[in-house]
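If you scroll down you'll find the structure; I have some questions about it.
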Amino acid sequence: KKVIFSGIQPTGVITLGNYLGAIKNWTRLQDDYNCLFCVVDMHSITVRQDPALLRKRARDLLTIYIAAGLDPEKNIMYYQSHVSGHAELSWILSCFTYMGELNRMTQFKEKSAKHGNNINAGLFTYPVLMAADILLFQSDLVPVGHDQKQHLEITREIASRFNNIYGDVFTVPEPYIGKVGAKIMSLQEPTKKMSKSDENPNGYISLLDDLNVVKNKIKRAVTDSDREVTYSEDKPGVKNLIDIYSSITGDSIESCMNEFQGKGYGDLKRIVGEAVVEELRPIQERFKDLQKNKDYLDSIIKKNGETANYLATKTLRKVQKKVGFPVRI
Ligand code: TYM
């Protein structure tokens, strides 16, 4: 079986964008691939975090993975910080990455504009750690939302560069970006992506939002002054709601549009709102159950962390040997 790797930062709440752009696709892929789904807590500290809150969010995120339907017996779900190979490979890869390449990363530019008082070196080398995450497991496919495309390109670049020097060490991974749902937009400013760092909570839906709140946020979603439900770039708010619906139901845009034929914005919002609520309801129920089962979660975290560590060490030793580090006896 081919290998899949993906991860989410335990920073802020987990949004419907994270779910539709990433997690939901993962659940579809888990039967056909060997999957690793990581909680990338090391990436999170590129921005200041409250330690107790970070720890809680990391655990909640892992719980969400399972609650959303990822089977912990089939997939390796673990904390990045529990596998030291991520940091070790990241150092080696940083010596094969150019400043110029990192300078071109749009996410770095955006984040450094936003966190002007803390433009740290980790924020700059963030894509190298991400490349290490992926290459450490010889991943074939990386299912992510559209905003990670550039990071996947630099990962491929670094892998090929390394392979050109040392022979075929790394699998060069392909991005897997869903047709719909890869870019869920803010409900309040539909030309911006839905983001957990949005100051206006009406712009995003958290997977753990109260279900009445979810309905209301969709009811209040910005559309336009028109009435007709059409799917076009000129109507980003309406398009976003249709994308959300299509991505949840798995139906094509055409078949969704047939369903909305002759309906107004009120109906659209009601139908989409119900679909989102019914999608989140079982996830929230399982989340609450899992939270109560501390020992079960702990055992998964321990077991999966050990497996990830074993696999990571295999690649790491190979890479260390290639670059000329003394072999361990
Ligand atoms: P992060 O934590 O920002 O987002 C996690 C995943 O959610 C997707 N996503 C979206 N998809 C659709 N619409 C949106 N509005 C939306 N917002 C977020 C992201 O594309 C991502 O797939 N650097 C990564 C984490 C990471 C990673 C990795 C991912 C670290 N190492 C290795 C894959 C492989 C990040 O910050 O994602």
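Read-outs throughout are calculated quantities, based only on the coordinates presented, and are distinct from any laboratory measurement. Source: prediction; values computed, not measured. Please note: Cβ atoms are built from the backbone with ideal geometry, for glycine as well, and neighbour counts cover all protein chains shown.
Determine which residues of segment 149-174 fall in the zone a paramagnetic label at Lys109 would reach in this model, i.e. backbone nitrogen under 17 Å from the point 7 Å along Cα→Cβ.
Label zone hits: 149-154.
With no solvent and one point on each alpha carbon, what is the Debye value of log10 I(q)/I(0) for segment 132-261 at q = 0.14, 0.17 Å⁻¹?
Values returned for q = 0.14, 0.17 Å⁻¹ are -0.74, -0.93.
Further question: Would you mind ranking Ile66, Ile165 by Cβ crowding within 10 Å, fewest neighbours first?
Ile165, Ile66
With springs connecting C-alpha atoms under 10 Å apart, model the chain as a Gaussian network and identify which of Asp243, Asp224, Asp147 has the largest mean-square fluctuation.
Asp224
Angle between the Cα long axis of helix 85-94 and the longest principal axis of the chain, 0 to 90 degrees, nearest 10?
Here the helix axis deviates by roughly 80 degrees.
Could you tell me what a quarter of the Cα convex hull surface of segment 248-329 works out to, in nm² with one decimal place?
So the Cα hull casts an average projection of 10.9 nm².
Just for the Cα atoms in segment 171-329, what are the lengths along the principal axes, largest first, rounded to whole Å?
73, 39, 32 Å, listed from the longest principal axis down.
Additional query: Can you list residues whose amide H is under 5 Å from Tyr79's amide H, if they're 5+ apart or on another chain and H is modeled 1.01 Å from N?
Here Val39 satisfy the definition.
Still on this structure, I have one more. Provide Rg and Dmax in Å for the chain, with only Cα atoms included in the calculation.
Answer for the chain, Rg first and Dmax second: 20.6, 73 Å.
Angle, helix 236-249 long axis vs. longest principal axis of the chain, Cα atoms, 0 to 90°, nearest 10?
70
Name the residue, out of Pro175, Pro127, Pro201, whose mean-square fluctuation peaks in a Gaussian network model built on the chain with Cα pairs under 10 Å.
Fluctuation is largest for Pro201.
Which of rounded, prolate, oblate describes segment 68-108, given a ≥ b ≥ c as roots of the alpha-carbon gyration tensor eigenvalues and a/c under 1.5 marking rounded, otherwise prolate only if a/b is larger than b/c?
oblate
Separate question: Set the Förster distance to 25 Å, then compute FRET efficiency between Lys192 and Ile45 from the Cβ-Cβ distance, nearest 0.05.
0.50
Okay, next question. Which three lengths, in whole Å and largest first, does segment 1-140 cover when its Cα atoms are put on their principal axes?
So the extents along the principal axes, rounded to whole Å, are 41, 32, 26.
Right, next: Assuming R0 = 35 Å, can you tell me the calculated FRET efficiency for the pair Asp289 and Phe96, based on Cβ-Cβ distance, to the nearest 0.05?
In this case the efficiency is close to 0.20.
Roughly how many Å is it from the Cα centre of segment 120-191 to that of segment 285-329, as a whole number?
After rounding, the separation between the Cα centres reads 20 Å.
Another question, then. So what is the calculated 222 nm ellipticity per residue for the chain, using -39500 (n - 2.57) for each DSSP H run with n of 4 or more, over all residues, to the nearest 500 deg cm²/dmol?
-17000 deg cm²/dmol
Okay, moving on. What residues have an amide H closer than 5 Å to that of Lys193, excluding those fewer than 5 places away on the same chain, when H is modeled at 1.01 Å from N in the peptide plane?
HN-HN under 5 Å from Lys193: Ser186.
Given a Förster distance of 22 Å, report the FRET efficiency between Asn202 and Asp224 from their Cβ-Cβ distance, rounded to the nearest 0.05.
Taking R0 as 22 Å, the efficiency between Asn202 and Asp224 is 0.80.
Using only the alpha-carbon atoms, how far is helix 149-166 inclined from the longest principal axis of the chain? Give it as 0 to 90 degrees, nearest 10.
On a 0 to 90 degree scale, this one is about 20.
HN-Hα J couplings of segment 323-329 from phi, Karplus 6.51/-1.76/1.60, θ = phi - 60°, integer Hz, Gly and Pro as x?
For segment 323-329, the Karplus-derived couplings read 7, x, 6, x, 6, 6, 9 Hz, x marking Gly and Pro.
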